[in-house]
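Data first, discussion second: the structure below is written as structure tokens.
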Amino acid sequence: MGKIYVLKEPGRDKAWNIYALREAARLKRWFQGVYYSPRLKRLLAVFKPTPGTHVNMLVFEEMGESVLRDAYRMECPRGCNRCCVLRSGAFMIENELRNLPGDVRDRVTRQPSELIKTPGGWVRVYRLDTEPMGRCIFFDVEKGTCMLEGLGKHNKPIVCLLTYCTVFATRDGKLYLKKGYRVHRDGRAEIHYEEVDEKTWRRMVARMGSVWTRYRKIYKQQQTEEGTA
Ligand code: SF4
Ligand code: SF4
């Protein structure tokens with residue numbers, strides 16, 4: 001088994017966290033997923049760059065791939081959309097704009113932004129959560145899809161690739177739902193998962209997705225009213 005690079009856990013220092021995200025964004029195309037390791041009792045944001053790629057070891061740590069053997073992979077099933085529709089908190093770091101098509105890049109640069117002094121220099125961060133109730137500007141309310149993902153998975157902001165609710169997980173082709181968790185004194189969170197069948201999994205997606213379906217209903221009503229006004 002080979003080696004993987006795991007992004008160090010975020011801390012309380014916003015500037016450091018933005019710096020770490022910027023460095024992670026550089027390796028986006030080698031992003032493998034987020035896993036929960038019951039052995040380490042922590043979430044692992046895993047990257048596997050091709051040999052010779054520069055990895056900033058200030059923000060990454062190296063691990064053996066075997067650490068993932070008993071780990072659960074975090075999943076974000078289609079139809080939930082909770083993180084995109086309500087108080088998304090979504091943002092994009094300046095170095096993520098480079099590979100976007102020109103019109104999309106222009107849309108981002110028109111967004112409110114903040115310049116943050118990080119250990120790696122000044123970094124501009126663009127807010128994407130400026131639609132009503134914190135909805136992300138790239139969320140297609142009617143279809144329930146991320147417009148950036150439609151351009152390729154690695155066009156999604158790094159913060160979206162790394163953030164999971166941890167409710168849904170898979171391991172060895174089986175489906176799991178979070179049953180509970182316990183936070184230890186040292187801050188480590190122990191998450192318990194229960195294997196479920198597809199029907200139970202789908203039911204949970206529909207439950208979580210009810211925020212989006214309600215939002216979509218109101219959104220459609222508003223669109224109709226605006227169209228007839
Ligand atoms: S709440 Fe979970 S499943 Fe729903 S959009 Fe967020 S990460 Fe995905
Ligand atoms: S960029 Fe995409 S995944 Fe991220 S919040 Fe916006 S719609 Fe959701």
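The values are calculated or read from the model by the stated rules, or taken from the named source; none is laboratory data. Note that this is a predicted model, so its numbers are computed, not measured. Here the Cβ positions follow ideal geometry from the backbone for every residue, glycine too, while neighbour counts run over all protein chains shown. The area values use the complete protein model at the heavy-atom level, side chains included, leaving out ligands, DNA and RNA. Shrake-Rupley method; radii C 1.70, N 1.55, O 1.52, S 1.80 Å.
Remarks
- Residue in segment 190-229 that is modelled with the lowest pLDDT, counting only those that are touching a strand residue (DSSP E or B) at 6+ places or on another chain (Cβ under 7 Å) and away from ligand 1 (no atom under 16 Å from the Cβ): Glu190
- Just one of the listed residues (Glu75, Glu149, Glu65, Glu61) is touching a residue at least 12 places away in the same chain (Cβ under 8 Å), out of contact with any Pro (no Cβ under 9 Å at 6 or more places or on another chain), acidic (Asp, Glu) and within 16 Å of ligand 2 (Cβ to nearest atom), and it is Glu75.
- When the residues of segment 108-129 are filtered to those that are in a loop (DSSP other than H, G, I, E, B) and touching a residue at least 12 places away in the same chain (Cβ under 8 Å), the one that is nearest to Val85 (Cα to Cα) is Asp129.
- For Lys143, the criteria (1) within 13 Å of ligand 2 (Cβ to nearest atom); (2) of a type in the set (D, E, K, R); (3) within 26 Å of Leu44 (Cβ to Cβ); (4) open to solvent by 60 Å² or more (accessible area, probe 1.4 Å) hold in every case but one, which is (3).
Residues checked against (1) touching a residue at least 60 places away in the same chain (Cβ under 8 Å); (2) touching a His at 6+ places or on another chain (Cβ under 8 Å):
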{"site": "Lys3", "(1), (2)": "yes, no"}
{"site": "Leu7", "(1), (2)": "yes, no"}
{"site": "Arg12", "(1), (2)": "no, no"}
{"site": "Asn17", "(1), (2)": "no, no"}
{"site": "Ala25", "(1), (2)": "yes, no"}
{"site": "Lys28", "(1), (2)": "yes, yes"}
{"site": "Val34", "(1), (2)": "yes, no"}
{"site": "Ser37", "(1), (2)": "no, no"}
{"site": "Leu44", "(1), (2)": "no, no"}
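- Any hit, segment 18-39, residues being part of a strand (DSSP E or B) and either in contact with a Ser or Thr (Cβ under 6 Å, 6 or more places away or on another chain) or open to solvent by 50 Å² or more (accessible area, probe 1.4 Å) (or both): yes
- Filter result (touching a residue at least 40 places away in the same chain (Cβ under 8 Å) and of a type in the set (D, E, K, R)) within segment 152-206: Arg171, Arg188, Glu190
- Checked against the criterion of being open to solvent by less than 60 Å² (accessible area, probe 1.4 Å), assigned to a loop (DSSP other than H, G, I, E, B) and farther than 14 Å from Leu21 by Cβ, segment 87-96 has at least one qualifying residue.
- Within segment 70-84, restricting attention to residues that are charged (D, E, K, R) and not in a helix (DSSP H, G or I), the residue that is farthest from ligand 1 (Cβ to nearest atom) is Asp70.
- The residue of segment 1-12 that is nearest to the chain's Cα centre (by Cα), among those that are of a type outside the set (A, V, I, L, M, F, W, C) and at pLDDT 95 or above, is Lys8.
- Leu97 being more than 10 Å from ligand 2 (Cβ to nearest atom), at pLDDT below 95, in contact with a helix residue (DSSP H, G or I) (Cβ under 9 Å, 6 or more places away or on another chain) and not acidic (Asp, Glu): no
- Counting only residues that are surrounded by 14 or more Cβ atoms within 10 Å (Cβ to Cβ) and over 27 Å from Tyr215 (Cβ atoms), segment 110-138 holds 5 of them.
- Extreme residue, modelled with the lowest pLDDT, among residues of segment 146-160 that are among the aliphatic types (A, V, I, L, M) and surrounded by fewer than 20 Cβ atoms within 10 Å (Cβ to Cβ): Leu151
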